[in-house]
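Shown next, in structure tokens, is the structure this report addresses.
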Amino acid sequence: MRVVIAEDDAVSRRILETLLRKWGHEVTTTQDGEAAWNVLREPGAPSLAILDILMPGIDGLELCRRVRQSPNNIPPYIILLTANHGVPEIVKGIEAGANDYLIKPYDSDELRARVQVGVRMVELQTSLAERVKELEVALTHVKKLEGILPICSYCKKIRNDLDSWQHVESYVAAHSQVEFSHGICPACFENTVKPQLESFQISQALALEPGN
Amino acid sequence: MSFEQIINGENQETPPLAPVPARVIRTTSDAVDMELLKAFEELQSDDGSDLIVELIDLYLKDAPQRMLAIREAALENEWGLLKRAVHNLKGSSANLGVRLVAETCIKLERIECEHSTEGVRKLLQQMDDEFARASEVLLSERQRRLQ
């Protein structure tokens, strides 16, 4: 996964970079908040950011706020590094938009575990975003009927957009995903089909009588 | 000392040791925790470069700049700036096992500068001395590794 590090201390930055590369991540290092902000604004920016709170210029907290205010499709997962143990500092960081924090000096196993949480979160978000995109594309293909349809009270034809009268079946089929399979409902069978069959049978019988 | 302990920076967070007089004579072996530094061998990269040499170079380039910033801040009574620069120097020193510089930084972080300018001056002198000793050890280690 692509990771950006913002840490003004060169030694700490190099150690962090070495650890992350060892764990298989693609790392971009920056030494202040401004440089990190530029990296995070690029198209295809890193999905995970590890930011020191205390930095010259834009500090880690301000960087978090900027990232959260920018309209990213998938915002990066942010881990803040703080040397202060106080709860207010941690609360400030989370309120500014950090997903997680680590107190310096940190344990490398803990860092690795927290980075892994970030990776899982980003992968989940990416997968959800892809699903949403697929659904949005699918929605554009769904046709639906809505509004008022002018229909003939007698023959039940529908007047279409070209001002011609269409059979209800063809109209509905053209304006939706519906396909028709034809059958006869019991009422129509009793009222229409049955009398026609009886009439047909009578006419056949008459035709077979001698002298006809 | 293990790599985990380095990363944990145990030196950095332990309470300061008993006060050390500013000009106390120390041996160079106290200046740098070599065991701690060598634990970075676990992280050596595959490209053949020596991470420890690289970290030493970074530290020896970065620390004097921090120390200059600390001195300038002290001269101008900019105690906020001083504490911030001290905080940074403490972190990188502790990371590399430069423990006496880190310990001096802890003292500088904790001292009430406004009320103890003489104390600050002594600690700055102590910081310079400890850094000089540590540089000697680090440069020697660097040379040994490059041979």
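The values are calculated or read from the model by the stated rules, or taken from the named source; none is laboratory data. Nothing here was measured: the structure is a model prediction, and the numbers come from that model. Reconstructed Cβ throughout: ideal geometry from the backbone, glycine too, with neighbour counts over all protein chains shown.
Can you work out which of the residues in the stretch B:61-87 that are within 11 Å of chain A (Cβ to nearest Cβ) and surrounded by fewer than 17 Cβ atoms within 10 Å (Cβ to Cβ) is farthest from the chain's Cα centre (by Cα)? Let's see the steps before the verdict.
Our first condition is that a residue be within 11 Å of chain A (Cβ to nearest Cβ); within the stretch B:61-87, this holds for B:61-63, B:65-66, B:69, B:81, B:83-85, B:87.
Subset that is surrounded by fewer than 17 Cβ atoms within 10 Å (Cβ to Cβ): B:61, B:65, B:81.
Working: B:LYS61: 12, B:GLN65: 13, B:LEU81: 18 Å.
In this case the residue turns out to be B:LEU81.
Quickly run through the stretch B:88-105 and pick out the residues that are polar (S, T, N, Q) and away from chain A (no Cβ under 11 Å).
Listed by number, the list holds a single entry, B:THR104.
Condition first: among the charged types (D, E, K, R), touching a residue at least 24 places away in the same chain (Cβ under 8 Å) and crowded, with 22+ Cβ neighbours inside 10 Å. Can you find one or more residues in the stretch B:109-132 that meet it?
Yes: the stretch B:109-132 contains one or more residues that are among the charged types (D, E, K, R), touching a residue at least 24 places away in the same chain (Cβ under 8 Å) and crowded, with 22+ Cβ neighbours inside 10 Å.
Only one residue in B:LEU123, B:LEU138, B:LEU108 is modelled with pLDDT of 90 or more and within 14 Å of chain A (Cβ to nearest Cβ), so which one is that?
B:LEU138
For A:PRO75, work out the one condition from (1) at pLDDT below 95; (2) within 13 Å of another protein chain (Cβ to nearest Cβ); (3) in contact with a Lys or Arg (Cβ under 9 Å, 6 or more places away or on another chain); (4) more than 22 Å from B:LEU89 (Cα to Cα) it doesn't fulfil.
(2)
What's the number of the condition B:ASN95 fails, among (1) at pLDDT 90 or above; (2) under 20 Å from A:GLN31 (Cα atoms); (3) touching a helix residue (DSSP H, G or I) at 6+ places or on another chain (Cβ under 7 Å)?
For B:ASN95, the exception is condition (1).
Condition first: modelled with pLDDT of 90 or more, facing another protein chain (nearest Cβ under 9 Å) and not in a loop (DSSP other than H, G, I, E, B). Can you find one or more residues in the stretch B:39-54 that meet it?
yes
Which pairs do you get when a residue that is modelled with pLDDT under 90, found in the stretch A:85-98, comes within reach of a residue that is crowded, with 19+ Cβ neighbours inside 10 Å and among the polar types (S, T, N, Q), reach meaning Cβ atoms under 8 angstrom, with the pair 6+ apart or on two chains?
That search, which allows pairs on different chains as well, returns A:GLU89/A:THR82; A:ILE90/A:THR82.
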